[in-house]
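Visitor: Structure provided below as structure tokens; questions to follow.
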Amino acid sequence: MSVAVRFAPSPTGQLHVGNIRLALVNWLFARSQGGSFLLRLDDTDLERSTAEYAAGIERDLRWLGLDWDRFARQSDRLDRYAAAVERLKAAGRLYACYETAEELSLKRKSLLGRGLPPIYDRAALRLTDADRARLEAEGRTPHWRFLLEHAPVEWDDLVRGPQHFHGRDLSDPVLIREDGRTLYTLSSVVDDIELGITHVIRGEDHVANTAVQIQLWQALGGPVPGFAHLPLLTDATGAGLSKRLGSISVASLRDDQDIEPMAINSLLAKLGTSDAIEARMSLAELAAEFDMAKVARGAPKFDPEELARLNARVLHATPFQAVAGRLQTLGFGGIDAVFWEAVRPNLSRLADVAEWWHVAREPIEPVVEDAEFASAAAAHLPAEPWDDTTWSSWTGAVKSATGRKGKGLFMPLRLALTGRDHGPELKNLLPLIGRERAEARLAGRVA
Ligand SMILES: Nc1ncnc2c1ncn2[C@@H]1O[C@H](COP(=O)(O)OP(=O)(O)OP(=O)(O)O)[C@@H](O)[C@H]1O
């Protein structure tokens, strides 16, 4: 059977780097096994889900290159959940409960106060028909719980190893709320069964869900899939991430920080694994290196500096054709392949091209500390056309004429030609600056 996985975010905020790690791991697992990747929007929380957030999720995943083979929306599948409810009721696995939230909270507090785990006491199972009729006459509407079997629940987690739970240590989960809406615990299993999911790969926050959901899979007759629960990513301070809090979103990395998608993919594919974190230029390379056995159990931290470092590496290896369109959008349509290759080793973010465009093509204030030396150097500027051999022949001549060498030769030239003490290699930059500007700058003029 071929592998089928899903990424199932709720459209209740912008995807953060923790969500993306999960999306990426699902995608890489699918692609590395020739399997399929489903995007499922868990949009049944009508108060918090919005069409804008849903569109944002699709945009973020596309931008990262995480394309999906199939798409589903839980709000389109409500009839499937209703059908599953009927089957569970017919099998005697759902029972009506009438406690209010306050009553349940009191019960929990009382158990905790006695040092006991806050497991639901199944009081509703002892209600008679008459009790139920009375409660409903009082105006109470039931919520419905799934009757767990008091039996062991075990699985061999692809990340956490063998997991052991027991039904008696778990509360019967609520599957239907008072207002009749089915909850994630049920809808997610119905979808996973009907959409043929073979591996559920999600965050550690779902481990307890998995324990109860395995019994639901069995009750609904679906094959129980494999599981991998990954530790949750934290921010650099160790604090948790949440869509609701607007944690480090992919949209802000893209739109505000000018980060390359492959920098994000490279970091999140390798973070918290036994592989070194290095820049990769394609998802195919990451898929070829992917192995769930490399994922560690410790909670990884997202380090923005590491991302910045990878971003620079990715840019340094990006070919001109891959950025030509974006350069045009940024207003640098005049940049060609030669210019790009000259400046890309000095970029941390794509927008940094603006500085080198300015240096090469716009008037700058030169820094001339030794006018005599600068004028001697200017006198040796060769005739155009210039290419990447011009710098070495010119500085060779300046060296012979002035007796200067090393830093004493190169730094005054760099300061005069660029107004800066750092930047792209001058052998590449000089032909872009051109003779006229070079001559004027060596004379100390703004040019
Ligand atoms: N910090 C995190 N690190 C890694 N994975 C995470 C993190 N937070 C959520 N996930 C995973 O992302 C996937 C999508 O989950 P979900 O949409 O519930 O995200 P969420 O950020 O927890 O949302 P919300 O803040 O709205 O509850 C799930 O597999 C979940 O386990």
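Visitor: If R₀ is 25 angstrom, what is the calculated FRET efficiency for the pair SER75 and ASP255, using the beta carbon separation as r and rounding to 0.05?
Guide: Given R0 = 25 Å and the Cβ-Cβ separation, E is 0.35.
Visitor: Another question about this same structure. Give, to the nearest whole percent, the P(r) tail of the stretch 44-119 beyond 19 angstrom, counting all Cα pairs.
Guide: Percentage above 19 Å: 67.
Visitor: How long is the gain from ALA151 to GLU47 if the chain were fully straight, where each residue apart is worth 0.36 nm and the alpha carbon distance is subtracted?
Guide: 33.8 nm
Visitor: Let me ask something else about it. Quote to one decimal, in nm, the extra length available between ASP121 and ALA337 on full extension: 0.36 nm per residue of separation minus the C-alpha distance between them.
Guide: Value of the extension gain: 70.7 nm.
Visitor: In the chain, how many lysine pairs have Cα atoms under 28 Å apart, counting only pairs 8 or more places apart or on different chains?
Guide: 10
Visitor: Kindly work out what percent of the DSSP beta bridges joining two residues of the chain are antiparallel, to the nearest 5.
Guide: Here the antiparallel bridges make up roughly 50 percent for the chain.
Visitor: Given the alpha-carbon gyration tensor of the stretch 320-361, what are the semi-axes of its equivalent ellipsoid in whole angstrom, ordered largest first, with each equal to the square root of 5 times an eigenvalue?
Guide: 13, 11, 10
Visitor: Now a separate question. Could you work out [θ]222 nm for the chain from helices alone, using -39500 (n - 2.57) per DSSP H run of at least four and dividing by all its residues? Round to the nearest 500 deg cm²/dmol.
Guide: -13500 deg cm²/dmol
Visitor: Let me ask something additional. State the Cα centre-to-centre distance between the stretch 396-428 and the stretch 129-192 in whole Å.
Guide: First find each Cα centre; the distance between them is then 74 Å.
Visitor: In which sequence would PHE320, PHE290 go, from the one with the fewest C-beta neighbours within 10 Å to the one with the most?
Guide: With the sparsest Cβ surroundings first, the list reads PHE320, PHE290.
Visitor: Enumerate the calculated ³J(HN,Hα) couplings along the stretch 163-174 in order (Karplus 6.51 cos²θ - 1.76 cosθ + 1.60, θ = phi - 60°), each rounded to whole Hz, writing x wherever the residue is Gly or Pro.
Guide: So the J values, rounded to whole Hz, are 10, 10, 10, 9, x, 6, 8, 10, 7, 4, x, 6.
Visitor: Which order do the peptides 232-241, 272-281, 139-148 come out in when sorted by mean C-beta neighbours inside 10 angstrom, highest first?
Guide: 139-148, 272-281, 232-241
Visitor: To continue, here is another question. At q = 0.07, 0.08, 0.13 Å⁻¹, what log₁₀ I(q)/I(0) does a Debye calculation on the Cα points of the chain give, no solvent, two decimals?
Guide: Scattering profile of the chain, log10 relative to I(0): -0.52, -0.62, -1.15.
Every number here is computed from the coordinates shown, using simple stated rules; none is lab data. All of these numbers come straight from a predicted model, not from anything done at the bench. Here Cβ is always computed from backbone atoms with ideal geometry, including for glycine, and neighbour counts include all displayed protein chains.
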